[in-house]
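What follows draws every value from the coordinates through simple rules; no lab data is involved. A quick note: this is a predicted structure, and the numbers were derived from the prediction, not measured. Glycine also receives a Cβ, built like all others from the backbone with ideal geometry; neighbour counts cover every protein chain displayed.
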Amino acid sequence: MKQKKCQECGKTKPVGKFALSPMKADGSGRQGDGRISKCNACRYARKKALREQWPDGRKRERSILRQKTARKWERTHPYSMKARRANLQAQRRGAPGKITGDEMQSVWQEWNDCCWICGAPAEATDHLRPINGKAGGANSPENVRPICTACNHKRDHGWYGMEYVEAEAALLRQIAELRRKHSGVALDGVVGQED
């Protein structure tokens, strides 16, 4: 294994611990031996020391700029963000599969960005077969659908088969329809009460 001596700390380390040097101006290869003179650990320590010398205002400005850039990206790539959230949720729960932004976009557009249960504007992505370990659902385009927050909170996150899911969706549709009919009238659940 090739070794190289760091000019900053003086230690001899494997060549892989040094970043690649810039290309030559004519594009014929890398400058020198192909690696920079300082090891990665020394480079990162130097950058950290320089950042700590910045005034607090500059740190805050940089943090705000990062947040603005992230929010702008989220607004311009909504389906990629939905896919990223679904992938993170699946990864945390140990579910197999990964969804791309394009796959998520095709699923949401198939449902016209509306809840698959009640037809209201969707705010979240629902895994039809839950990815909670017991249900054994996968994080795949066939298993995700757009859903509104109200239906997502009412939906049972167990897996009892596709027939159960369809019956559950039909009941939730009926509840949504009743709410639309009786908007403004509170449904207290007092049905058939005699005076």
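Quick notes on this structure:
- Backbone phi angles across the range 119-126, fed through the Karplus curve with coefficients 6.51, -1.76 and 1.60 (θ = phi - 60°), yield HN-Hα couplings of x, 6, x, 7, 10, 9, 10, 10 Hz in residue order; Gly and Pro are listed as x.
- Of LYS5/LYS38; LYS98/LYS154; LYS24/LYS47, those spanning more than 18 Å from alpha-carbon to alpha-carbon: LYS98/LYS154; LYS24/LYS47
- In the chain, a dipole from Cβ-located charges (positive for Lys and Arg, negative for Asp and Glu) runs towards its positive end, and of ASN143, GLN7, TYR79 it is GLN7 whose Cα lies farthest in that direction.
- Peptides 73-79, 107-113, 46-52 ranked from most to least packed, by the mean per-residue count of other Cβ atoms within 10 Å: 107-113, 73-79, 46-52.
- P(r), alpha carbons of the chain - 10 Å bins starting at zero, rounded %: 8, 20, 18, 18, 16, 11, 6, 3, 1, 0
- The charge dipole of the range 24-101, taken about the Cα centre with unit charges on the Cβ atoms of Lys, Arg (+1) and Asp, Glu (-1), comes to about 300 debye, rounded to the nearest 20.
- Among GLN53, GLN91, ALA169 - extreme Cα towards positive end, dipole of the chain, charges at beta-carbon: GLN53
- ARG51 paired with GLN7, simple spin-label distance in nm, labels 7 Å along Cα-to-beta-carbon: 2.4 nm
- The chain: angle of helix 56-76 to the longest principal axis, Cα-based, in degrees nearest 10: 50 degrees
- Residue-count net charge about THR125 - beta-carbon cut-off 15 Å; Lys, Arg +1, Asp, Glu -1: +1
- Scattering curve values for the range 72-181, log₁₀ I(q)/I(0), Debye with Cα scatterers, q = 0.16, 0.21, 0.23 Å⁻¹: -0.71, -1.16, -1.32
- Placed amide H near GLU8: partners under 5 Å, 5+ positions off or other chain: CYS39
- Taking the C-alpha atoms only, the angle from helix 101-110 to the longest principal axis of the chain is near 20 degrees.
- Amide H contacts under 5 Å for ARG35: SER21, restricted to partners 5 or more places along the chain or on a different chain, H placed in the peptide plane at 1.01 Å from N.
- Peptides ranked, highest mean first, by Cβ atoms within 10 Å: ranges 10-20, 85-95: 85-95, 10-20
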